[in-house]
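K.L.:
The structure follows.
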Amino acid sequence: MPLSYIFKPILILVCCFSFIATSLPENYEVLNLKSNLEVKLKANKDEIISQMELTSTHSNKFHSIVSIKKYNSEISYLVTLEENGNKMFTIQLDSVLNFKTNGNLFFGVDKDNIDFMKNLTLKDYEKLFIESKIIALYSDK
């Protein structure tokens, strides 16, 4: 049996899986909620960036993502990280940028999940950021 008979079904399976995986429905909502939340702490900059899973956008601006598995959603934040000297840092939650709610292939995006995310207030988004990112800084020490 030639090798092409073995590779063709594998290639077809990989292509089908790739198509399905990239075709999942999602709902994307822009929020752009400004925040004044600030936390000051003594730490190493690289540890803060690593533990908070920050992605650099500019010199002191970073993106941060918080996942809410229960609602199949992700929230995107803009964070400012400033060194105040003596390894003291100010972490400022600049804004809540957007959220994305994922669906599944056959049933689409759950409207209840979207409604839950839309009904969150700025304080709710800040609380989720603190619970997910800031408390993690202290619990890993």
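The values are calculated or read from the model by the stated rules, or taken from the named source; none is laboratory data. Only a predicted model underlies this, so the values are computations on that prediction, with no experimental measurement involved. So basically every Cβ, Gly included, is an ideal-geometry build from the backbone, and we count neighbours across all protein chains shown. Heavy atoms of the whole protein, side chains included, go into the accessibility calculation; ligands, DNA and RNA do not. Shrake-Rupley method; radii C 1.70, N 1.55, O 1.52, S 1.80 Å.
K.L.:
Please sort 70-79, 31-40, 117-126 by packing, taking for each peptide the average over its residues of neighbouring beta carbons within 10 angstrom, highest first.
P.N.:
Taking the mean over residues of other Cβ atoms within 10 Å, the ranking is 70-79, 117-126, 31-40.
K.L.:
Now for a different question. Just add up the charged neighbours of Val66: K/R +1, D/E -1, any other residue whose Cβ is under 14 Å from the Cβ of Val66.
P.N.:
0
K.L.:
Given +1 on the Cβ of Lys and Arg, -1 on the Cβ of Asp and Glu, and no further charges, what dipole in debye does the stretch 33-141 carry about its Cα centre, rounded to the nearest 20?
P.N.:
The dipole magnitude comes to about 100 debye.
K.L.:
When the label point is put 7 Å from the Cα of Leu97 along its Cα-to-beta-carbon vector, which residues of the stretch 108-141 have a backbone N closer than 19 Å?
P.N.:
Label zone hits: 118, 122, 125-130, 132-134.
K.L.:
Take the solvent-accessible surface of the protein heavy atoms, probe 1.4 Å, and return the percent of it on the stretch 77-117 that carbon and sulfur atoms account for.
P.N.:
Carbon and sulfur together cover 51 percent of it.
K.L.:
Indicate the gyration tensor shape class of the chain (rounded, prolate or oblate), computed on the Cα atoms with a ≥ b ≥ c the square roots of the eigenvalues: a/c under 1.5 is rounded; otherwise a/b larger than b/c is prolate and the rest oblate.
P.N.:
oblate
K.L.:
Separate question: Within the stretch 59-73, find all residues whose amide N lies under 19 Å from a label point positioned 7 Å from the Cα of Asp124 along Cα-to-beta-carbon.
P.N.:
Within reach of a label on Asp124: 65-73.
K.L.:
Semi-axes of the equivalent ellipsoid for the stretch 80-141, please: Cα gyration tensor eigenvalues, times 5, square-rooted, ordered largest first, whole Å.
P.N.:
Semi-axes, largest first: 32, 13, 10 Å.
K.L.:
Another question, if that's okay. Work out from phi, with θ = phi - 60° and the Karplus expression 6.51 cos²θ - 1.76 cosθ + 1.60, the ³J(HN,Hα) of each residue of the stretch 57-69, listed in order in whole Hz, and give x for Gly and Pro.
P.N.:
For the stretch 57-69, the Karplus-derived couplings read 10, 9, 4, 10, 9, 9, 8, 9, 10, 10, 9, 10, 4 Hz, x marking Gly and Pro.
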